[in-house]
Structures are given as structure tokens and as C-alpha cells.
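One structure is given below, encoded as C-alpha cells.
The values are calculated or read from the model by the stated rules, or taken from the named source; none is laboratory data. Note that the structure is predicted; figures quoted are calculated from it, not measured. With ideal geometry, Cβ positions are generated from the backbone for all residues, glycine too; neighbour counts draw on all protein chains shown. Areas reflect the complete protein model, heavy atoms only, side chains present, ligands, DNA and RNA absent. Shrake-Rupley method; radii C 1.70, N 1.55, O 1.52, S 1.80 Å.
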Amino acid sequence: MDKVTLQRIEKLHPSVRDEVVQIIKECDKALSGRAKIRITQGLRSFEEQEKLYAIGRITSGKKVTNAKAGQSIHNYGFAVDMCLIIDGRTASWDTAKDWDNDGIADWYECVTIFARHGWDWGGNWKTFKDLPHFEKKEIKTKKGMIKATWRNLAKMPRNEEGYIIL
């Protein structure tokens with residue numbers, strides 16, 4: 001696991017950090033070849049979210065998100081975006097390439113591992129597919145499990161570090 005990935009994991013909500021480390025380890029082991037997973041985005045501030053939302057609306061470029069500040073699971077530390085790092089130096093978002101020649105596209109090997117841990121893949125969304133995106137489906141709280149929707153998360157109190165209190 002590379003330094004960049006570890007730094008991004010450290011900023012995720014504390015309740016999912018160890019799980020994401022485990023997922024990355026499982027992905028890297030499954031890929032067994034030239035590709036390794038890198039987390040390209042984790043926790044995102046409301047300000048960063050507003051800047052992304054402005055792309056294609058206020059600033060030039062193709063729209064990259066339909067989520068305003070507070071409407072992304074990234075804003076609560078329960079989502080990650082990823083890419084594959086090939087041969088330790090080249091980023092790839094190729095979802096079809098089978099770098100380890102095991103008959104399964106490396107990207108989909110990771111999709112399967114994330115799903116096994118209860119994470120939803122943005123590639124499964126019906127509209128505005130987000131292939132690099134994974135988010136936690138449900139979160140365990142003191143009161144039980146809740147769906148990890150931005151509407152649910154936005155209502156929850158935060159601690160002094162800014163993370164929602166489970």
C-alpha cells in the first residue's frame with residue numbers, strides 16, 4: 001500500500017479506516033500482478049465539494065458530480081475513489097484490463113472485494129455512473145445500523161474533529 005493511499009485512509013471516518021486498509025490489502029493480493037490499488041480521494045470538505053459541483057455549471061469543464069456540499073458521502077468520510085497504479089508509476093482507470101492475466105479484469109476484482117465488505121460501487125448506479133467511486137452502504141451506530149445516505153449523515157452530531165458521532 002503506497003504512502004498516498006495511507007494518507008487518504010487516515011482522513012476517512014475512524015470507523016472505516018481499518019476496513020479500508022483490509023480492502024486495499026485484499027485487492028492488492030488478488031491483483032497479484034503489475035497493478036496495485038490507490039485511493040485517489042477520500043474525505044472531502046464541503047468547500048472542495050462546492051468547487052467540484054461548480055465544474056460544468058459555473059466553471060468550464062464536464063460535470064463531475066451532482067452532489068452539492070453535504071450531499072456526498074465523501075463529505076462524511078465514508079467514500080473513496082480509486083485508480084490502479086501500474087508498475088508503481090502509471091495511473092489507470094481502465095475497467096477492462098486484466099494486468100495479472102487471471103481472466104478477470106483487475107478493476108472488477110476490486111469491485112467484488114469492496115462489495116463483499118458492504119461497499120456500493122458507483123459503476124452500478126443507474127444514472128451518472130461514477131466508476132472510481134465506492135461508498136459504505138450501512139453504518140453501525142450505538143442505536144443499530146443506518147443506511148449511509150447523505151440525508152441520514154447530515155442529521156448526525158459531529159465531534160470536535162468534525163467526524164459524525166456514531
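At a glance:
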{"read-out": "Near pairs, Cβ below 7 angstrom, 6+ apart or cross-chain, from the range 101-125 (within 17 Å of Ser72 (Cβ to Cβ)) to any residue that is aliphatic (A, V, I, L, M)", "value": "Trp121/Val111; Trp121/Ala115; Gly122/Leu131; Gly123/Val111; Gly123/Leu131"}
{"read-out": "Cβ pairs under 7 Å, 6+ apart, first in the range 12-26 and free of Cβ contacts under 8 Å to residues at least 60 places away in the same chain, second polar (S, T, N, Q) and not in a loop (DSSP other than H, G, I, E, B)", "value": "Ile24/Thr5"}
{"read-out": "Any hit, the range 32-43, residues being at pLDDT 95 or above, more than 30 Å from Gly103 (Cα to Cα) and small (Gly, Ala, Ser)", "value": "no"}
{"read-out": "Subset tally (residues that are surrounded by fewer than 14 Cβ atoms within 10 Å (Cβ to Cβ) and farther than 18 Å from Ile9 by Cα) for the range 155-164", "value": "5"}
{"read-out": "Extreme residue, least open to solvent (accessible area, probe 1.4 Å), among residues of the range 143-154 that are within 15 Å of Trp119 (Cα to Cα) and in contact with a strand residue (DSSP E or B) (Cβ under 8 Å, 6 or more places away or on another chain)", "value": "Ala148"}
{"read-out": "Single residue of the range 104-142 satisfying the filter (in contact with a Leu (Cβ under 9 Å, 6 or more places away or on another chain), among the charged types (D, E, K, R) and over 19 Å from Cys83 (Cα atoms)) that is most open to solvent (accessible area, probe 1.4 Å)", "value": "Lys142"}
